[in-house]
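Okay, so here's the structure we're looking at.
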Amino acid sequence: MSFLKRLFRQRTKRVTITICGLDNAGKTTIVRYLVAGEYKSTVPTMGVNREVIDLPNLQMDIFDLGGQLDFRGIWPEINEKSDGLVYVVDASDYIRLDESKEIFYNIINAQINPLIPVLILLNKCDLEERLSRIEFINAFDLPSLGNIKWACFVTSAITGEGIYDAFRWFIDAFQE
Ligand code: G3D
Ligand code: MG
């Protein structure tokens, strides 16, 4: 391998990530878990939380966007500049599933670059009453995403289940 190629490979890539989803889905708890490696309690996000996470060869600049209706107006501007989207769904919130789906497709169709990786987290899997992954994929009609590079993982920001695998996929998506 040439010197230049080696040098280039070792350079840290910097990516801007946005985390979206309805309020109470668990977005901030997931970010806190990524930072601390364990569950930490959170308070509702007002506007935007920003967190920089350094990984070998990759620096993730994470914008955790407040999910309440009042804050959704700022999403398009931030999502347009995003290199990767994380979309979080509360697997136990059957009532707002359709609302979450509508918001998801609005982001996919109107806000992001269609070439960026999309990580969908079906969160709160530690709760008993919840959607299964298959039920969710069907309800959200994820196969209709076509050529978009997406993956759906079942996670819990309380127990940490699925978080590693989900972000392993996401990080790998930037190395390709
Ligand atoms: P948001 O940033 O998407 O608005 P938060 O959501 O991260 O603030 O989380 C909202 C509530 O859901 C918090 O509870 C948080 O502890 C809880 N939560 C987040 N992830 C999980 C999970 O995986 N499992 C369970 N059971 N709860 C989760 P409180 O009680 O603080 O409002
Ligand atoms: Mg939040």
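For segment 11-175, the per residue solvent-accessible surface stands at 50 Å², with DNA, RNA and ligands left out and a 1.4 Å probe.
Within segment 48-141, the trypsin sites (Lys or Arg not before Pro) that combine a DSSP coil assignment with at most 14 other C-beta atoms in a 10 angstrom radius are 81.
Using Cβ point charges alone (K and R +1, D and E -1), the dipole size of the chain about the Cα centre works out to roughly 940 debye. For the chain, the longest principal axis of the alpha carbon atoms and the long axis of helix 97-110 meet at an angle near 30°.
For the chain, the carbon plus sulfur part of the accessible surface works out to 51%, probe radius 1.4 Å. Estimated from helices alone, the mean residue ellipticity of the chain at 222 nm is -9500 deg cm²/dmol (sum of -39500 (n - 2.57) over DSSP H runs with n ≥ 4, per residue). Counting only protein chain heavy atoms and rolling a 1.4 Å probe, the accessible areas of 18, 159 rank, largest first, as 159, 18. The average projected area of the chain, computed from the convex hull of its Cα atoms over all directions, is 10.5 nm². For residue 124, the lysines whose Cα falls under 25 Å of its own Cα, not counting residues fewer than eight places away in the same chain, are 27, 40, 101, 149.
The values are calculated or read from the model by the stated rules, or taken from the named source; none is laboratory data. Values in this document were obtained by computation on a predicted structure and should not be read as measured data. Note that we place each Cβ from the backbone using ideal geometry, even for glycine, and neighbour counts take in every protein chain shown. Note: areas computed on protein heavy atoms with side chains; ligands, DNA, RNA excluded. Shrake-Rupley method; radii C 1.70, N 1.55, O 1.52, S 1.80 Å.
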